[in-house]
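These notes concern the structure reproduced below.
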Amino acid sequence: MGHGPAYKAVVWWYTSAVARILLVEDNELNRDMLSRRLSRKSFDVIIAVDGVDGIEKAQAEKPDLVIMDMSLPKMDGWEATRRLKADEKTAHIPVIALTAHAMSGDREKALAAGCDDYDTKPVDFKRLVGKVNALLEG
C-alpha cells in the first residue's frame, strides 16, 4: 500500500525542516543563488568555496547531503567526492554532482567518483530539490 499525499507532504516538511546541506561551489553568483533558494526551502545551508574546504566542512559539520560543483579550485569536485566516499566518517553522506559540462559520460564519471546523483548547470532548481529530497528520504 502506497503513502498518500498528506504523508508525503509531512515527510517532505520533516526532511526539509531539519536537513543540513553542504554546498560546495566556487562561483559566487551560483553559490549565493543556490544558498538563498535552499534556505527558503528550510534547508540549513553550509558553504564551502573549494574542494579542500568542502572536505574539511563535511568532516566538521556532518551535513545530511552535499551538493558538489565538479569544477573547483585547489581540488576538483571529482577528487573531493572520492575522498569523502573513502573516509568512513563521511562515506554515508549523499553527494549530488553539479557540472556545467553536460558532456556525454559526465553522469557515469560522477557516479564512478562516488556521487549519488548528478545535475547540470544552469540549475533547474525544482529538479535539483526533487533529487535532494529523494536522497534525503531514501
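What follows is calculated from the coordinates using simple rules that are stated; it is not laboratory data. Just so it is clear, the structure is predicted and the values come from calculations on it, not from any experiment. Here the Cβ is made from the backbone with ideal geometry for all residues, glycine too, and neighbour counts use every protein chain on show.
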Inset, instruction - Work out the FRET efficiency for Asp124 and Arg20 from their Cβ-Cβ distance, taking R0 = 30 Å, and round it to the nearest 0.05. - result: 0.85
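For the pair Glu137 and Leu111, what calculated FRET efficiency results from E = 1/(1 + (r/R0)^6), where r is the Cβ-Cβ distance and R0 = 25 Å, to the nearest 0.05?
Details: r = 20 Å, r/R0 = 0.78.
So the FRET efficiency works out to roughly 0.80.
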Inset, instruction - Work from the charge dipole of segment 32-138 (Cβ charges, +1 for Lys and Arg, -1 for Asp and Glu, about the Cα centre) and give the residue of Gly130, Met68, Ala110 farthest towards its positive end. - result: Gly130
Inset, instruction - For segment 15-137, state the semi-axes of the equivalent ellipsoid (square roots of 5 times the eigenvalues of the alpha-carbon gyration tensor), sorted largest first and rounded to whole angstrom. - result: 18, 17, 14
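Kindly state, to the nearest 0.05, the FRET efficiency for Met33 paired with Glu56, given R0 = 22 Å and r defined as their beta-carbon distance. Mind dumping the intermediate values first?
Details: r = 23 Å, r/R0 = 1.07.
Result of the calculation: an efficiency of 0.40.
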Legend entry - segment 29-89-segment 106-136 distance, computed between alpha-carbon centres (Å): 13 Å
Inset, instruction - Pull out the extension gain between Lys89 and Met75, defined as 0.36 nm times the separation in residues minus the alpha carbon to alpha carbon distance; nm, one decimal. - result: 3.1 nm
